[in-house]
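What follows is a set of notes on a single structure, which appears directly below.
Every number in this text was worked out from the coordinates using simple rules, so none of it is lab data. Worth saying up front: this structure is predicted, and the values here are computed from it rather than measured. Note: ideal-geometry Cβ built from the backbone for every residue, glycine included; neighbour counts use all protein chains shown.
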There are 2 protein chains.
Amino acid sequence: MAVTIALDAMGGDHGPAVTVPGALAALRARPDLNLILIGSQDILLAALARHGAVPSERLRLQHASEVVGMDEPPAQALRGKKDSSMRVAINLVKSGVAQAVVSSGNTGAFMATARFVLKTLPGIDRPAIIKALPTIHGHVHILDLGANLDCSAEQLLQFGIMGALLVGAVEHKERPLVALLNVGVEDIKGSEAVKKADALFRASALNYHGYVEGDEIYLGKLDVIVCDGFVGNVALKTSEGLARMISQFMKEEFTRNPFAKLAALVALPVLKALRRRLDPRLYDGASLVGLNGVVVKSHGGTDAVGFEKAIHVAATAVQNRVPQIIGQRLASLHDHGPHVL
Amino acid sequence: MAVTIALDAMGGDHGPAVTVPGALAALRARPDLNLILIGSQDILLAALARHGAVPSERLRLQHASEVVGMDEPPAQALRGKKDSSMRVAINLVKSGVAQAVVSSGNTGAFMATARFVLKTLPGIDRPAIIKALPTIHGHVHILDLGANLDCSAEQLLQFGIMGALLVGAVEHKERPLVALLNVGVEDIKGSEAVKKADALFRASALNYHGYVEGDEIYLGKLDVIVCDGFVGNVALKTSEGLARMISQFMKEEFTRNPFAKLAALVALPVLKALRRRLDPRLYDGASLVGLNGVVVKSHGGTDAVGFEKAIHVAATAVQNRVPQIIGQRLASLHDHGPHVL
């Protein structure tokens, strides 16, 4: 099945300098993929030309006259920029021309606009941001990563259901193992919302592991970890900061003196393999789940490698019919009760 | 000024096998220090003998017949184990025999018992857990790390005040820079409690930086970072988990094949320097601030190096009169308003 994805080609810190080569790489990697680049026609034609490329049937251009600024208030972007590359890209999903949209632009504006245009699936209060993180063995999906800051127990359960359905669909897992992030694994631990959510998870048909603490995120024993968006965002950003600090310490230690520099030279292939393994670009692409359509956010400061990865995340979600599966299951959940999960 | 510290010698995963050598090392490092080991007299005498040591004026023993289990419910330990090594150690602070207590035992029981016995300082609703973390430049103190899960804006302000006073006292800093942990740095971002706390911080006399995101924890631009205990605990544990994963990846890459093993051999001094720099034991010792007395928690799985570090954290807090300073400032804050900070 061919997949068509609309790209906000002007978004992110670097705009077309990143989105255009990312799009070209994705097209080469995936023969079933069609892309629509949305943005200033002149700028995009010039960016394509720099890569020796022109528009084609698989790579169409669609003009949009405005760009949402990275620091622009979401409400202002939503109300004031009806012809932004971001908005036009989302509209293409709404009208059915594309099945997914990818942007590395302003996160708040992207979430607000996608939610306004595409609407949440029936039974979902609010969409959530879900993303894969590397672990000691494989990877884990975690949500919410910042779309919802003060969450009720019911919302946390919806996140768990959406996360399990997404991982089940894209990784073809029968019963993904779902856990609730908490500050201890004993029953008595936890905030009120988390304790209530634990009871809801236990009563559901989810394959529920129970509580996990922050250090278990990276152990690789789980498929889905659920938390509110404040906690998830802090966990994700804290991890980014710590990884950068360790990388900085490594650089400092391996350049401290002539012997260390020599050691770095000898260890270079090993250090490169290590860097590849921890490369955050390989995990670019956070999905906004719970909407009528596939919506993927790429990191604002991403490069072409990361943006291409986000396109693949979107294409995989489309091919595995993630929004349709979540919509259908939630409808039968509503009609027949929680045993249908 | 001589400092006397009561040690829960039976606590932690390893009990006297860790606490006794940790205590002996601290005594060697700090001539002004006196320690009281609390626990089973027979076991402690035997543990001392294994290190060729006997009780002395600087290292007294005090018998306690019970031990709080690492997984025992805090309420049960508080009500049922009046003669536990933990409880007796805390009592020695209450009675003025010791100025501080250090335990690597059951965190919940330690917090509950310390709070019950020592009471909070006037003007403090709840004590908070504060700890130093390494950063790219130096270190930062972060609180709360798990004593309070659902926090009001007023509590977050109290944490900020206590954190600033502690760092000011132990690091002799005039106006420590304090930030609120949030999911974005724009005004509109944040949970309700954090947004309200931001207004309180701005109205206070604290040297307030504003919001920071998780990745800024490790940048080393701040002295104190404030968050609720759920978020702080997740940030801390997530960091521990990620550091372990990176360390595991390094081990795997440096043993993958004969060339990698050779590279590891050449790079060994550099890798050792790196490991020393990231050694979590150097940051052992989390303080429970806001109580009448210095209360320091060492990591449950700590070894003698970490336990000794926690003793130093306690001794430094005593010498710099942290509880007295917090108590006095809070009293003048109450009498004269926030400009006295």
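Brief remarks on what is shown
- Cα principal axis extents for the protein assembly as shown, largest first, Å: 87, 57, 52
- Each Cα pair under 8 Å and six or more residues apart adds its separation to the average, and for chain A the resulting relative contact order is 22 percent.
- Fraction of antiparallel bridges per DSSP, the protein assembly as shown only, in percent to nearest 5: 25 percent
- Near A:Leu35, the amide H atoms lying under 5 Å from its own belong to A:Ile5, A:Leu59, A:Arg60; only residues 5 or more places off or on other chains count, and H is placed 1.01 Å from N.
- Screening chain B for whole DSSP H helices of 15 Å or more along their axis (Cα) with average Kyte-Doolittle hydropathy at least -0.5 returns B:16-29, B:107-118, B:153-171, B:192-203, B:229-253, B:258-278, B:304-319, B:322-336.
- Ascending list, in nanometres, of distances separating the A:Arg202 label from those of the other copies (7 Å, Cα toward Cβ): 4.4
- Cβ crowding within 10 Å, taken as a proxy for footprinting-reagent exposure, orders B:Asp228, B:Asp215 from fewest neighbours to most as B:Asp215, B:Asp228.
- Mean residue ellipticity, 222 nm, helices only, chain A: the sum of -39500 (n - 2.57) across DSSP H runs of n ≥ 4, divided by residue count and rounded to 500, is -15500 deg cm²/dmol.
- Dipole moment magnitude, nearest 20 debye, the protein assembly as shown about Cα centre, only Lys, Arg, Asp, Glu C-beta charged: 1160 debye
- Counting other Cβ atoms within 10 Å as a rough exposure proxy, the listed residues B:Thr135, A:Thr107 run B:Thr135, A:Thr107 from fewest neighbours to most.
- Distances, shortest first, from the label point of B:Glu154 to those at the same position in the other copies read 3.0 nm; the point lies 7 Å along Cα to C-beta.
- Once you reduce segment A:32-53 and segment B:1-67 to the center of their Cα atoms, the two points are 71 Å from each other.
- Across identical copies of the chain, B:His139 has label-point separations of 3.5 nm, listed in ascending order, with the point defined 7 angstrom from Cα along Cα→Cβ.
- Other residues with beta-carbon under 10 Å from the beta-carbon of B:Ser287 carry, at +1 per Lys or Arg and -1 per Asp or Glu, a net charge of +2.
- Chain B shape via C-alpha gyration tensor axes, a/c threshold 1.5: oblate
- Rounded to 0.05, the FRET efficiency of the A:Thr120 and B:Phe249 pair, given R0 = 45 Å and the Cβ-Cβ distance, is 0.75.
- Potential lengthening between A:Ala17 and A:Val266 on full extension [0.36 nm per residue; Cα-Cα distance subtracted]: 86.2 nm
- Each principal axis of the Cα atoms in segment B:130-281 has its own extent, and those three values, largest first, are 61, 32, 27 angstrom.
- Ranking of B:Asp32, A:Asp13 by count of other Cβ atoms within 10 Å, fewest first: B:Asp32, A:Asp13
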